[in-house]
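Participant: Right, I'll just put the structure down here and ask away after.
The values are calculated or read from the model by the stated rules, or taken from the named source; none is laboratory data. Because the structure is a prediction, the values reported are computed rather than measured. Glycine gets a Cβ as well: all are built from the backbone with ideal geometry, and neighbour counts include every protein chain shown. Heavy atoms of the whole protein, side chains included, go into the accessibility calculation; ligands, DNA and RNA do not. Shrake-Rupley method; radii C 1.70, N 1.55, O 1.52, S 1.80 Å.
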Amino acid sequence: MDAFPRRARPASSQTGHSAPFTLTPSQVQDLFASHLDDICARFDEWAFPLSVVGQLGDVAPNTYRKHYQLPLIDLHNGSTISLEASKNTLANADLRPGDRVRLTGALRARLYRGQVTLRFEVLAAEAHDVVVQQIERVQRSVIDTLRDLPWTFHPYPEQREARIALIHSAASNALVAEDFLQALGGGWRPERVRTLPTAMNDPTRIAEAISSVREEILVVVRGGGEASEFGVFEHPFVLEALSGSSAHRVLGVGHSANRTLAERMVDHTATTPADAGHYIRRMSGRLWQGQEEARAQQEELAALRESITALAGVSSRPPFSLRLRNSALLLLVGGLAGLLLSRLF
C-alpha cells in the first residue's frame, strides 16, 4: 500500500468516517490484482494433499499441451471442479473420460484475466473400482455401437429351397441344436441345414460364425443360464456382425426371461431354441401353402383360357348349310362371268 499516494486523514469528521484514499483508475486495477495475487499465494501455502473421487469429463480441446484441463464430475449432484493433469498421469493409469476415478493432488488458485479460478492439480490417479470401470466401459461401448449401427428388416425368404445356417453351442452336452431341428420338422432336407458349432462364450467366435453365413436364413440358438452368461450377445462384435448380415436373422437364446441387446439386430426373436424351429416351420408352411394355392390358381386360369379359346374357334365357323349356299353362289357367278367373256371375245 505504500506505493499508492495518500491524502492526510483527519482524525475525525462529522460523519465518523476517515477520509478515503485517492487513486487513479490504473492504481485501482493494480490494487485489485495485488489482492488476487495474495489470495492465490495463500492457496499455494496450504496446498496439502487431497483425495477426490468423481467421474472424469471430456478433455478440453487444448490437448496439444502437456497437461489436460478437464472437469471432475460429482456423481451425486452433477457439480464439477476443474482438473489439471498431465497426459502421462492419465495414460499410465489407463483412464478415459467417463471413468470413475480417485485422484490425489492439491488445490490451486489461478489468476486468469482478472479472475481467480479454482484448480485441482492431479499428482496421482487410479480407477475408483476396476471391475466397475470395465463394466461401464463395455456399456458405453455398446451404447456407442448401437447408436452408429444401421438396421434393415430382412423379410422371410420367398424361395422354396431356402437354406438355413444354425449357430449353436459346440459343447457336447448342449442339446439346443436337437431341440431346434426337432421343432423344425422333416420338411427340410439335411443338405439345406448347415450347423455351425461355436463357443457361445466367445464374442469373437460368434461374430466370425455370423459373418461366414451365406444362407438365406440365419439362426442363433443357446440354452438358458445365468444372466451374466448372456452378456456375450451384447458385445459390439456380435451386434456388428448381426447388423451386417443379409440373411433373415432369427435369435433363440435362453428362455423368455433372458433378454439381450442382440434382439434389436435381428428380424425375429424366439423365446427358446425350439420356438425358433417352430417359427421357421410355420413360416415355411405358410409360404409353401401360398405357393401351392398360387400354382393351382394359375393352372385353373390356364385351363379356363384354353376352354374359352376352343369355344371361340368353334363359334367363329359358319354353319354347314350357309357354307354350301355360299359355294353355290360362287360357282354360279363364275359360270356367268365365263359366258360373258366368251361372247365378248
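Participant: Within the bounds of segment 259-270, is there any residue that is touching a His at 6+ places or on another chain (Cβ under 7 Å), crowded, with 16+ Cβ neighbours inside 10 Å and in contact (Cβ under 8 Å) with a residue 40 or more places away in the chain?
Facilitator: Yes: segment 259-270 contains one or more residues that are touching a His at 6+ places or on another chain (Cβ under 7 Å), crowded, with 16+ Cβ neighbours inside 10 Å and in contact (Cβ under 8 Å) with a residue 40 or more places away in the chain.
Participant: Do any helices (runs of 4 or more DSSP H) lying entirely in segment 140-255 carry at least 3 residues that are free of Cβ contacts under 8 Å to residues at least 60 places away in the same chain and open to solvent by less than 80 Å² (accessible area, probe 1.4 Å), and which ones are they?
Facilitator: Here the list reads 203-211, 236-244.
Participant: In addition: What single numbered condition from (1) at pLDDT 75 or above; (2) closer than 30 Å to residue 30 by Cβ; (3) of a type in the set (Ser, Thr, Tyr) fails to hold for residue 112?
Facilitator: Against the list (1) at pLDDT 75 or above; (2) closer than 30 Å to residue 30 by Cβ; (3) of a type in the set (Ser, Thr, Tyr), residue 112 comes up short only on (1).
Participant: Out of the residues in segment 125-135 that are open to solvent by less than 50 Å² (accessible area, probe 1.4 Å) and either in contact with a Gly (Cβ under 7 Å, 6 or more places away or on another chain) or modelled with pLDDT of 75 or more (or both), state the one that is nearest to residue 108 (Cα to Cα).
Facilitator: Per the criteria, the residue is 125.
Participant: Please pick out the residue among 137, 163, 147, 110 that is among the basic types (Lys, Arg) and over 28 Å from the mean Cα position of the chain (by Cα).
Facilitator: Answer to the check: 110.
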